[in-house]
Amino acid sequence: MDILIAWILRAIPFGTIIMYGAMGEILTEKSGNLNLGVPGIMYLGGFAGFASAYLYENTVANPNMVFSVVLALCCAFIASMLGGLIYSFLTISLRANQNVTGLALTTFGMGVANFFGVFILDGRTATQSMVYKTFQTKIPGLSQLSVIGQTVFGYGFMVYTAIILAIVLHYVLNHTRIGLNLRAIGENPATADAAGIGVTRYKYMATCLGAGISGLGGLYYVLDYNQGIWATTGQIEALGWLAVALVIFTTWKPLNAIWGSYLFGMLYWLYQFLPTLMGFSVPGYITDLIQMVPYIVTIVVLVMTSMRKKRENQPPASLGLAYFREER
């Protein structure tokens, strides 16, 4: 039982990071845009939130932790939206190739975040922003209730915010006029345009908001999961690609991102708990193979959904394609 609890406590925070990235990418892809710049956007969000909280705490005599949290959230969201705006301008207005632009944005976001991150650290490898203690604050009382309290309520507020956000996103996409228009654009932008829907406006809105949501995953990694430490290990990039894989695994459904992200977290950390569960040591090369399991599961799901050919499980029909209004 103790092993299972430790496994869950490790998997849920890990899954929350990729849940934010996946939800942002789901919103983006529903509009027909394929943004492979999620890792770079998560870097931008993580750096902006970390830097704003760090500078605020080091320039104010008695910093207010609530204000520091709000400042970090706002800066992370705005910086990530700016990354989404760059992508939108290049792919929607200039009609650049979406795959190449996304990969370039990943490289750009990583480079900018790591360069200025090290610059702020003033030559040190890592530093701490005390606001991480507020991000890690658990629900008082409930987190102390035996096993259930520890595994269900023993996390920072951003874990529960991610779940609420997934539910809200599901409702907006499936039960509002905005969501209907957005899905119509993702399926056939020419038909949506003929019906009077502002294709360009919706694409910009979905891509920028989606980038902002993805950036919160980077913020959560730095100021909660990594305890306020900025490091240039490249872990955020790996989590960003896992988030992109999770989008396919969840078949573009926000509610599936909740359990899917936690499943990814369980599968990712399987290598650490498998020796204890099996009762004998596992060679290093086996653990490397085990860490591939989330990607293998994604491939299996992609093959199965393609073979079943259910329309509701397929990606938006115009995903990755630039819209030329003159050709409709």
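A few points about this structure:
- Approximate spin-label separation Arg10-Val66, in nm, with each point projected 7 Å along Cα-to-Cβ: 3.7
- When the chymotrypsin sites (Phe, Trp or Tyr not before Pro) in region 1-92 are filtered for DSSP coil states and for at most 14 other beta-carbon atoms within 10 Å of their beta-carbon, no site remains.
- Folded to 0 to 90 degrees: helix 98-121 orientation relative to the chain principal axis, Cα: 30
- Rounded accessible area of Lys138 (nearest 10 Å², 1.4 Å probe): 110
- Rounded to the nearest 0.05, the FRET efficiency derived from the C-beta distance between Ala96 and Thr191 at R0 = 22 Å is 0.40.
- Helix axis angle, 177-187 relative to the chain longest principal axis, alpha carbon, degrees: 70
- Largest-first ordering by accessible area, 1.4 Å probe, given options Leu321, Leu246, Leu216, Leu85: Leu321, Leu85, Leu216, Leu246
- 0 to 90° range, to nearest 10: angle between helix 199-220 axis and the chain longest Cα axis: 10
- Of Ile41, Asn64, Thr233, farthest towards positive along the dipole that unit charges on Lys, Arg, Asp, Glu beta carbons give the chain: Ile41
- Extension gain, Ile229 to Thr161, is 22.3 nm, computed as 0.36 nm per intervening residue step minus the present C-alpha separation.
- Hull shadow area, averaged, the chain [alpha-carbon convex hull, nm²]: 18.9
- Computed extension length for Ala317-Phe116: 68.5 nm, one decimal, from 0.36 nm per residue of separation with the Cα-Cα distance subtracted.
- Total charge dipole magnitude, the chain, about the Cα centre, Cβ charges on Lys, Arg, Asp, Glu only, Debye to nearest 20: 700
- Taking every lysine pair in the chain that is 8 or more places apart or spans two chains, those with Cα atoms closer than 28 Å amount to 9.
- Top of Met42, Met19, Met65 by mean-square fluctuation, Gaussian network on the chain, Cα under 10 Å: Met65
The values are calculated or read from the model by the stated rules, or taken from the named source; none is laboratory data. Please read all numbers here as calculations on a predicted model, not as lab measurements. Every residue, glycine among them, receives a Cβ derived from its backbone with ideal geometry; neighbour counts consider all protein chains shown. Surface accessibility is based on the protein's heavy atoms, side chains included, excluding ligands, DNA and RNA. Shrake-Rupley method; radii C 1.70, N 1.55, O 1.52, S 1.80 Å.
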